[in-house]
Amino acid sequence: MIVITGATGNVGRPLAQALATAGERVTAVSRGVRDVTVPEGVRHERADLTDPESLRAVLQGADALFFQDTGTSAHLLRPADILDVAKAGGVERVVLLSSQAVETRPETVSHGGVGQSIEDAVRRSGMEWTILRPGGFASNAYGWAESVRTRRTVAAPFGDVALPVIDPVDIADVAAVTLREDGHAGQVYELTGPAPSTPRQRAAAIGDALGEPVRFVEQTRDEARAEMLRFMPEPIVETTLAILGEPTPGERRVSPDVERVLGRAPRTFADWARRNVAAFR
């Protein structure tokens, strides 16, 4: 059995589907969500990663664990305790969804520091481990959905700074392979899209998927910061703006790891936009 944490997220949902389609027994875990739609044959359980004991019954008898942090709550995790519970339940393989920022922004507590501490716990767990480090998600464009639906407009900072954002389904596909197949133990995979794209280009791709133009409005850094502070803590906002506006060479780099694991190129942002165009109509 494979246990997926964060099963209601942009990676967890397609991962549960991919594993179920492959015939695996899957338990999808989420926190505080009662009515969750999961693929046929997938069991859903509620548990809270900030309370490792809530995972004990869920992990009993599992073979593998997909472990992802809880975003802005990652600093509340006790990863060593979670992994001890997993190991006691019989888990032998863990795949961690980490972040590219562990490598590119090690000096930041919000991104590099917390992520590194979780990675270190996985490495020390005594289980077979693989670490996935994605860059920016294509699905962050969902944040533009309301303005596209109502005004056919995207507002974002740093309109011409390009980053190779990745489709979360590609992350899920890589996770499915590393959870099911041998040969990935001790590997750290950096996951990006196939080419850098700018916010302006991504807005145009959404317009192409809709079949009508979407206007791009470039925000100032201060305007973007004020908007982000409504739903993110300040340290995360500052690091996010630094990545978006002044990316390091590592954050601009296109990684070969998706193709190395899957045997195909990663999907483009335009692919993501076409598949998810209903959110913008």
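Is it fair to say ALA204 is of a type outside the set (Ser, Thr, Tyr) and more than 17 Å from ALA278 (Cα to Cα)?
Judged against the criteria, ALA204 is not a match.
Report yes if some residue within the stretch 215-226 is of a type in the set (Ser, Thr, Tyr) and loosely packed, with under 15 Cβ neighbours inside 10 Å; otherwise report no.
yes
How many of the residues in the stretch 166-211 are over 17 Å from the mean Cα position of the chain (by Cα), of a type outside the set (S, T, N, Q) and surrounded by fewer than 23 Cβ atoms within 10 Å (Cβ to Cβ)?
17
Mind listing whichever residues of the stretch 124-133 are of a type in the set (Ser, Thr, Tyr) and assigned to a loop (DSSP other than H, G, I, E, B)?
Scanning the stretch 124-133 gives a single hit, SER125.
Provide a single number: the residues in the stretch 165-192 that are within 15 Å of THR268 (Cβ to Cβ) and part of a loop (DSSP other than H, G, I, E, B).
3
One residue is enough: does the stretch 232-239 have a residue meeting the conditions surrounded by 16 or more Cβ atoms within 10 Å (Cβ to Cβ) and in a loop (DSSP other than H, G, I, E, B)?
yes
Taking the conditions exactly as written (in contact with a Leu (Cβ under 8 Å, 6 or more places away or on another chain) and either over 24 Å from VAL29 (Cβ atoms) or touching a residue at least 40 places away in the same chain (Cβ under 8 Å) (or both)), does ALA64 satisfy them or not?
So ALA64 fits the description; yes.
Can you tell me which residue within the stretch 266-281, out of those that are over 18 Å from the mean Cα position of the chain (by Cα) and in contact (Cβ under 8 Å) with a residue 12 or more places away in the chain, is nearest to ASN10 (Cα to Cα)?
Going through the qualifying residues, I end up with ALA279.
Determine, yes or no, whether PRO39 is part of a loop (DSSP other than H, G, I, E, B) and either in contact with a Cys (Cβ under 7 Å, 6 or more places away or on another chain) or touching a residue at least 12 places away in the same chain (Cβ under 8 Å) (or both).
Against the criterion (part of a loop (DSSP other than H, G, I, E, B) and either in contact with a Cys (Cβ under 7 Å, 6 or more places away or on another chain) or touching a residue at least 12 places away in the same chain (Cβ under 8 Å) (or both)), PRO39 qualifies.
Can you pull out the residues in the stretch 130-164 that are closer than 20 Å to GLN219 by Cα and among the β-branched types (Val, Ile, Thr)?
VAL148, THR150, THR153, VAL154, VAL161
If a residue must be surrounded by fewer than 20 Cβ atoms within 10 Å (Cβ to Cβ) and among the polar types (S, T, N, Q), how many such residues does the stretch 1-48 contain?
The qualifying residues number 5.
Go through (1) in contact with a Leu (Cβ under 7 Å, 6 or more places away or on another chain); (2) in contact (Cβ under 8 Å) with a residue 60 or more places away in the chain; (3) among the hydrophobic types (A, V, I, L, M, F, W, C) for LEU77 and report which single condition fails.
Answer for LEU77: the failing condition is (2).
For residues that are touching a residue at least 12 places away in the same chain (Cβ under 8 Å) and either hydroxyl-bearing (Ser, Thr, Tyr) or surrounded by fewer than 19 Cβ atoms within 10 Å (Cβ to Cβ) (or both), tally how many sit in the stretch 138-150.
So the count comes out to 5.
Could you count how many residues in the stretch 254-268 are charged (D, E, K, R), assigned to a loop (DSSP other than H, G, I, E, B) and crowded, with 17+ Cβ neighbours inside 10 Å?
Within the stretch 254-268, residues that are charged (D, E, K, R), assigned to a loop (DSSP other than H, G, I, E, B) and crowded, with 17+ Cβ neighbours inside 10 Å number 1.
Looking at this structure, is ASP160 among the acidic types (Asp, Glu), in a loop (DSSP other than H, G, I, E, B) and more than 30 Å from ARG25 (Cβ to Cβ)?
Considered against the rule, which asks whether it is among the acidic types (Asp, Glu), in a loop (DSSP other than H, G, I, E, B) and more than 30 Å from ARG25 (Cβ to Cβ), ASP160 comes out as yes.
Values quoted throughout were computed directly from the atomic coordinates according to the rules given, and no laboratory measurement underlies them. Values in this document were obtained by computation on a predicted structure and should not be read as measured data. With ideal geometry, Cβ positions are generated from the backbone for all residues, glycine too; neighbour counts draw on all protein chains shown.
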